[in-house]
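The values are calculated or read from the model by the stated rules, or taken from the named source; none is laboratory data. Here the structure is a predicted model, which is why all the values come from computation and not from measurement. Cβ placement follows ideal geometry from the backbone for every residue including glycine, while neighbour counts extend to all protein chains displayed. The accessibility values were calculated without ligands, DNA or RNA, using every heavy atom of the protein model including side chains. Shrake-Rupley method; radii C 1.70, N 1.55, O 1.52, S 1.80 Å.
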Amino acid sequence: MSPSVDAPTLPDAQRAVGYLEEISRELRGCAILSEDGELLAASGDPEAWGEAARELIAAADAAGSEPVAHAHVATGDGEAFCVREGGYVAVAVTERFTLASLMVFDMRTALRRLAAGGDGS
């Protein structure tokens, strides 16, 4: 059993985006979506982030018989991540050579804090 962490909750999705921007120096941008694909917040153009995030999630889910808990794609230009947790999905793009395990942990933490503290709006 892991010890409990007394982390503050995040009351809305935009604060979750801000939290990820603050703690992840390699982050180029990110978005938070509801489990059904509604864009709740993004660090850039909401329309572009919403479409790209849904496409990444759909591609990751198509690879198996069940929705993925997380996915990581690395290219020569950067890396993309998606993480599901607590009824939310986070998608992020980072610089190359980002430590994947730390990025997934940070994203999962932000989503857990969001689920614990707010309604995602």
Taking the residues in segment 49-73 that are free of Cβ contacts under 8 Å to residues at least 12 places away in the same chain and open to solvent by less than 50 Å² (accessible area, probe 1.4 Å) as candidates, determine which candidate is nearest to the chain's Cα centre (by Cα). ASP61
Considering only residues that are surrounded by fewer than 19 Cβ atoms within 10 Å (Cβ to Cβ) and in a helix (DSSP H, G or I), which ones fall in segment 74-121? ALA100, SER101, LEU102, PHE105, ARG108, ARG112, ALA115, ALA116, GLY117
Breaking point among (1) over 25 Å from ASP45 (Cβ atoms); (2) at pLDDT below 95, for ALA69: (2)
What do you reckon, is ARG28 over 19 Å from ASP12 (Cα atoms), open to solvent by 70 Å² or more (accessible area, probe 1.4 Å) and not in a loop (DSSP other than H, G, I, E, B)? yes
